[in-house]
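Following: one structure in C-alpha cells, then a few remarks.
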Amino acid sequence: MSNKFSNDDVNFDQPEDEFDENEMSIEAADLNQPFPIFPKKLFASGLYKASNKQLPLPIKSKFAEGSNDEFEDETGFVPGKKLPFKVFKEELRLDVDGRYPQMHASGIIRTNIFTTVHWIARLKSTRSSNTWVGQIWFKEGPANAMRHTKVRIKVKRSWFSNQRQLIAKFYGGGAPARVQYFRFNSPYFHPVEFEYDRVSDVPAADATTVVSTCAHPNRPATIACENLSLETVYRRAGFNVSKSGNDSAIPVDDAGANTTWSDAEMHDAMQAYWSRFSNTAQWSMWVMFARLHDNGNGLGGVMFDDIGPNHRQGTAIFSDSFISQAPVGDANPAAWVERMRFWTAAHEMGHGFNLAHSWQKSLGAPYGNPWLPTLADEPEARSFMNYPYNVSGGESSFFSDFEYRFSDNELLFMRHAPTKFVQMGNADWFEDHGFEQPAQGQPSPFTLELRTNKTDTVFEFLEMINLELKLTNVSGQTRLLEAATLKEYQNMVIIIKRDGMPARQWLPYAYYVRDSKMAAIDHGQSLYDSLLLSAGKNGWDIAEPGGYTVQAMITINDETVVSNSLKLRVATPKTHGEEVCAQDLFAKEVGQVLTYGGSQFLESANAALEEVIVRLPKSNAARHAQMALALPKLRNFKSLNITADAPDLLTALAKKQVEINSASADSSVNKVLETLLVKEGDAAAETLGHICYKKHMDTFSQHLARDNVSAAEKIQQACQKTLMARNVPEWVFANDEYRSGSPLKKGSKKKAEKA
C-alpha cells in the first residue's frame with residue numbers, strides 16, 4: 001500500500017508559504033499588533049514536514065532537556081537518540097487553532113517505497129505551553145510498521161524569524177519510543193485547484209462563485225458580512241486553493257439539439273474544455289455552470305463524474321433549475337437565488353472531496369464501514385452537505401443558522417482522512433462514502449426501503465439473499481404509478497459494496513417489456529417486490545464471507561429516489577461440507593436457476609443444488625435448494641427438442657419441436673413443500689423473505705387446488721398464521737383466493753387448472 005503525498009518536498013532555505021490572514025479567521029485584535037514587525041499571528045496548526053536532524057531553532061522545553069517532565073516520565077526517551085529505523089518521508093498535520101480547530105493531528109510515515117502508514121490522533125492541551133498529547137485512534141497500513149499508540153507534540157514559534165518547528169514523540173503500544181523533528185511547511189493541509197467553465201447560454205451573473213453573506217435578511221445574527229468566494233470556503237476548510245486561470249466558455253451546441261445536459265455530455269465537455277483533465281488522481285476539480293440537466297428543473301447540481309477509472313473530478317450546477325426560483329413572498333428573491341446557487345456549487349464540490357450528505361455519513365467509508373468508527377449521521381447539521389429543506393423547520397430554519405461552513409465531522413474527514421479518500425480522481429465515489437445521490441433536487445414524493453426481513457442481517461455461508469423493496473408514497477396526495485415500477489430494472493440502479501473491495505452494480509439476468517398498467521397509490525401506501533440479490537448478470541455478487549453494503553436508486557417521472565443503506569454480513573463456513581458445496585454452487589447456471597424459480601433441464605445446476613441438500617440438510621441454503629428443485633414440478637414445463645433434423649435453436653423453433661412436461665402428480669413433492677413451507681414455516685419465511693415465502697405458498701396452493709381446494713385453503717391458513725406471527729399486516733391476505741370464506745373460492749379449481 002502506498003499513498004501519494006500532496007505537496008512537493010520543501011526547500012528549507014526558502015521562505016515558508018504565505019497565507020492570507022483573512023482566510024484563516026484572524027481576530028481583528030490580532031491584526032493590530034503594536035509593532036509593525038509582527039504583522040501576522042503564527043498559528044501552530046498546519047502542515048509540517050520531517051527533518052532528519054534537529055532544527056537550528058531550539059525547542060527549549062523540559063522534556064527536550066531530559067528533565068523530570070511528564071513526557072520524560074512516560075517514555076524514558078531523550079530527544080536526539082537515533083531513530084529505530086530510517087524514515088524515508090514523513091509529514092504531520094496539526095489542527096489545534098485557527099479557524100474551526102478539530103483538536104486532531106494526523107500524519108503519514110513512509111519508511112520505504114512500499115510501506116506507508118497513515119495515523120490520526122485526538123489531542124488535548126497539556127499544562128505545558130504549546131504542547132498537546134493524544135491517543136492514536138486510526139491507523140492505515142501494515143500493522144507492524146507503526147505500533148505506537150500515543151503521540152506528544154510541541155510547537156515552538158519565533159516571532160522574529162516567522163519560523164515554526166515541531167517535535168513529535170511517538171510512544172506506547174510496547175514499541176520503543178521515537179522522536180521526530182518537523183519544519184513548518186504550510187498553514188494548509190492540502191493544495192487544490194479549481195477551474196470554472198460556463199456554458200455559453202448561461203449569463204455570467206448566473207455562474208455564482210461569490211455570495212454576499214448579509215444580502216438576505218434570513219441569516220444568523222452573528223455572521224460576518226463579507227463577499228465570500230468558493231475558494232475562501234475551501235481555504236477555511238484547510239485547503240490551499242488556487243485557480244487554474246483557464247476558465248472558459250463551453251458552446252451550448254455540445255449539449256445537442258435539446259440544449260440540456262446528460263452526464264455523458266458533461267463528461268465529454270470536461271475532457272474537451274478542462275485544461276487539467278487527466279485520468280489520474282490529482283488535487284484538481286472542474287466546475288461546470290449549465291442551464292439545465294436532461295432530468296429537468298428538479299436537479300440543481302450533480303457530481304456527475306463517475307465514468308471511467310477516476311471519479312469525483314467534475315461537478316455541474318444548473319442555474320435555471322429550481323434553485324433559481326425563490327419562494328413566493330420571499331423578502332429578497334434575488335439574494336435567495338444567489339445564495340442557493342452558491343450553496344449548490346459548494347455542496348456539489350464537497351462531493352468531489354468525497355463528502356457524503358450530512359444524513360449519510362454512516363453509509364460506508366472506508367471499505368464498507370464509516371471511516372470514522374463512531375461517525376454519526378447529522379440530519380440537523382447546518383452544513384453545505386445537508387439539504388436546507390431536510391432539517392426541522394425547513395429551509396427558513398436552515399439558513400437562519402447557516403454559517404457557510406462544513407460540519408466538524410466533515411472538516412475532520414477533509415483534513416485528516418487518508419489522502420486517497422479525499423483527493424479527486426483517487427478512491428472511487430462508492431469506495432469511501434456509500435451511494436451517490438446525484439439529484440440535489442426538491443424533496444422526493446417517494447421513499448425506497450431495502451430490507452431482508454431477517455431478525456438480524458447475518459446470513460449463513462451459501463445462504464441466498466432475497467432483497468425486498470418497498471416504495472412508499474409520502475407526497476401527501478394520491479400518485480399514479482406503473483404497477484410494475486419495482487420490476488422495471490431499466491430505471492433502477494442497485495449497488496453492492498463488499499468491505500475492502502470496489503463497488504459492483506447488480507445487473508438482472510434479463511430486462512422485461514411490460515404493459516404500462518397504472519395503479520393509484522394513496523399517501524402512505526406502498527408497492528412491494530423482491531429479487532435475488534446474491535447473483536445476477538455479473539455472476540455471484542454476494543458469495544464470499546464478509547460485510548456488504550447495499551443501496552438502490554430508482555428514477556420515477558424524472559425524480560430520483562435513493563434508498564436506505566442496508567448492511568449485510570455473510571458468515572464464514574462452519575464445515576468442510578460447506579466449502580465443498582461452494583465449488584459447484586457458485587456457478588452461473590445455479591444463479592439462473594435460483595432466480596427463475598428452478599429448471600428441469602439444467603442438470604449441472606440441479607446436481608449442485610441436490611448436493612447442498614444432501615451435505616447440509618439443516619441449512620438455509622438447503623431450504624433455497626429444495627424450493628428451486630420442487631417448484632418446476634408444480635407447473636407444465638416446455639422445452640425445445642433439439643434433434644438431428646433440428647440441430648439448432650432457430651430450426652427447432654421453426655419446426656415447433658416443443659415438448660411439454662406436465663406438472664408432477666408425485667405426492668412426495670407435496671410432502672417436501674409441506675414440510676418446508678408449513679411445518680418449518682417460520683424458518684422458511686426468515687430465509688426466503690416474506691414476499692417470496694407468500695409467493696411460493698400461493699404457487700403451492702394453486703397446485704393443490706387442482707385436486708383439493710380445501711387443501712389449498714389449509715395452506716393459505718398456514719401461510720397467514722406464519723406471516724402474521726412475524727408482524728405482517730392482515731390486509732396482505734385480503735384477496736387470497738383459497739382463504740376461508742373467500743368470495744373467489746367458488747370456481748377456484750378451474751382457475752388453478754388454467755394457471
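So which of 199, 151, 192, 210 ends up being in contact with a strand residue (DSSP E or B) (Cβ under 7 Å, 6 or more places away or on another chain), in contact (Cβ under 8 Å) with a residue 40 or more places away in the chain, surrounded by fewer than 21 Cβ atoms within 10 Å (Cβ to Cβ) and aliphatic (A, V, I, L, M)?
210
Checking the stated criteria, residue 158 turns out not to satisfy the condition of being more than 35 Å from the chain's Cα centre (by Cα) and without any contact (Cβ under 8 Å) to a residue 40 or more places away in the chain.
When the helices (runs of 4 or more DSSP H) confined to the range 570-683 are screened for residues that are modelled with pLDDT of 90 or more and either among the polar types (S, T, N, Q) or closer than 25 Å to residue 456 by Cβ (or both), those reaching at least 1 such residues are found at 576-585, 603-615, 620-630. Out of everything in the range 348-386 that is of a type in the set (Ser, Thr, Tyr) and farther than 21 Å from residue 403 by Cα, what residue ends up being modelled with the highest pLDDT? Looking at residues that are of a type in the set (Ser, Thr, Tyr) and farther than 21 Å from residue 403 by Cα, I get 362.
Every residue, every condition in (1) part of a helix (DSSP H, G or I); (2) under 19 Å from residue 424 (Cβ atoms); (3) modelled with pLDDT under 90; (4) in the same structural domain as residue 99 (by TED's automatic domain parsing), yes or no:
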{"position": "241", "(1), (2), (3), (4)": "no, yes, no, no"}
{"position": "246", "(1), (2), (3), (4)": "no, yes, yes, no"}
{"position": "254", "(1), (2), (3), (4)": "yes, no, yes, no"}
{"position": "257", "(1), (2), (3), (4)": "no, no, yes, no"}
{"position": "268", "(1), (2), (3), (4)": "yes, yes, yes, no"}
{"position": "271", "(1), (2), (3), (4)": "yes, yes, yes, no"}
{"position": "278", "(1), (2), (3), (4)": "no, yes, yes, no"}
{"position": "282", "(1), (2), (3), (4)": "no, yes, yes, no"}
{"position": "285", "(1), (2), (3), (4)": "no, yes, yes, no"}
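Residue 490 passes every criterion in (1) within 30 Å of residue 573 (Cα to Cα); (2) of a type outside the set (Ser, Thr, Tyr); (3) in a helix (DSSP H, G or I) apart from (1). For the range 158-189, a residue qualifies if it is over 27 Å from residue 413 (Cβ atoms) and surrounded by fewer than 17 Cβ atoms within 10 Å (Cβ to Cβ), and the qualifying residues are 158, 159, 160, 161, 162, 174, 175, 176.
I'd like to know if the range 82-90 contains one or more residues that are modelled with pLDDT of 50 or more and in contact with a Leu (Cβ under 9 Å, 6 or more places away or on another chain). No, that holds for no residue. Of the residues making up the range 551-574, those that are touching a helix residue (DSSP H, G or I) at 6+ places or on another chain (Cβ under 8 Å) and surrounded by fewer than 21 Cβ atoms within 10 Å (Cβ to Cβ) number 4. Condition first: within 19 Å of residue 319 (Cβ to Cβ) and surrounded by 19 or more Cβ atoms within 10 Å (Cβ to Cβ). Can you find one or more residues in the range 234-249 that meet it? Among the residues of the range 234-249, not one is within 19 Å of residue 319 (Cβ to Cβ) and surrounded by 19 or more Cβ atoms within 10 Å (Cβ to Cβ), which makes the answer no. May I ask you to verify whether residue 276 is in contact (Cβ under 8 Å) with a residue 12 or more places away in the chain and surrounded by fewer than 22 Cβ atoms within 10 Å (Cβ to Cβ)? It is true that residue 276 is in contact (Cβ under 8 Å) with a residue 12 or more places away in the chain and surrounded by fewer than 22 Cβ atoms within 10 Å (Cβ to Cβ). The residue that is surrounded by the fewest Cβ atoms within 10 Å (Cβ to Cβ), counting only those in the range 88-102 that are assigned to a loop (DSSP other than H, G, I, E, B) and not basic (Lys, Arg), is 88. Hey, could you check the range 253-273 for residues that are more than 14 Å from residue 316 (Cα to Cα) and hydrophobic (A, V, I, L, M, F, W, C) and say which is surrounded by the fewest Cβ atoms within 10 Å (Cβ to Cβ)? Checked the range 253-273; the qualifying residue surrounded by the fewest Cβ atoms within 10 Å (Cβ to Cβ) is 257. In the range 494-503, the qualifying residues are those that are surrounded by fewer than 18 Cβ atoms within 10 Å (Cβ to Cβ) and either modelled with pLDDT of 80 or more or not hydrophobic (A, V, I, L, M, F, W, C) (or both), and the one that is nearest to residue 140 (Cα to Cα) is 500. As a summary of the residue check, residue 393 satisfies the conditions (1) outside the structural domain of residue 218 (by TED's automatic domain parsing); (2) at pLDDT 85 or above except for the one numbered (1). In the range 119-158, the qualifying residues are those that are within 15 Å of residue 46 (Cα to Cα) and in contact with a Leu (Cβ under 9 Å, 6 or more places away or on another chain), and the one that is modelled with the lowest pLDDT is 157. Exactly one residue out of 539, 524, 547 is surrounded by fewer than 19 Cβ atoms within 10 Å (Cβ to Cβ), in contact with a strand residue (DSSP E or B) (Cβ under 6 Å, 6 or more places away or on another chain) and among the small types (Gly, Ala, Ser): that is 547.
The values are calculated or read from the model by the stated rules, or taken from the named source; none is laboratory data. In this text the structure is predicted, and so the values were computed from the model without any measurement. Quick reminder, even Gly has a Cβ in these numbers, built from the backbone with ideal geometry, and neighbours come from all protein chains shown.
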